[in-house]
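Inspection log for the structure reproduced underneath, given as structure tokens.
Just so you know, all these numbers are worked out from the coordinates, no wet-lab data involved. Remember, it's a predicted structure, so these values are computed and weren't measured experimentally. Here the Cβ positions follow ideal geometry from the backbone for every residue, glycine too, while neighbour counts run over all protein chains shown.
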Amino acid sequence: MKISEQFIKPFSSYEEVFYDEIEKHKKHFLPICSINLKCIFPEQDEWLHIVSVKEIFEGYVGEDTGPFHTAFTKEDMIGFDVIDGKYQFEADWNYFALEQSPENDLEEAYLSQP
């Protein structure tokens with residue numbers, strides 16, 4: 001499928017993708033690309049954001065933070081609320097291992113990410 005440049009944004013800014021708590025979202029996520037649904041459904045002028053989790057870990061993201069899981073954010077699964085077309089992480093930030101122990105080996109790896 002060829003998508004016109006007007007409907008795709010590679011590496012959108014955090015402000016374009018996330019609703020609030022931009023610094024927290026920067027710490028844990030990387031926006032990969034945004035696609036406007038108009039390219040498939042001309043009547044829907046909405047952006048779909050594809051993001052990656054930055055957590056570098058052997059195993060699954062969230063595997064050791066069960067008390068902070070929700071119906072949509074659990075082991076190796078991330079959920080977002082959509083507010084005004086932007087994403088807001090829907091669970092407690094303690095879902096991420098770095099929030100549990102900020103002075104571990106992950107901190108240096110996190111900080112080296114964009």
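Quick notes
- Rounded Å value of the spacing that divides the Cα centres of the stretch 1-28 and the stretch 35-61: 8
- Cut-off under 5 Å, modelled amide H: who pairs with Ile32 long-range: Ile50, Val51, Ser52
- Label assignment, Kirkwood radius over Cα pairs in Å derived from the structure, set (1) 15.8; (2) 15.2; (3) 16.4: (2)
- Ranked list, fewest to most other Cβ atoms within 10 Å of each Cβ, for Val53, Val17, Val61: Val53, Val61, Val17
- Using Cβ point charges alone (K and R +1, D and E -1), the dipole size of the chain about the Cα centre works out to roughly 540 debye.
- Among the trypsin sites (Lys or Arg not before Pro) in the stretch 1-76, those placed in a DSSP loop whose Cβ has at most 11 other Cβ atoms within 10 Å are Lys2.
- This ranking places Phe11, Phe89 by how few other beta-carbon atoms lie within 10 Å of each, fewest first, which gives Phe11, Phe89.
- Across the stretch 5-109, Cα pairs under 8 Å and at least six residues apart give a relative contact order of 22 percent.
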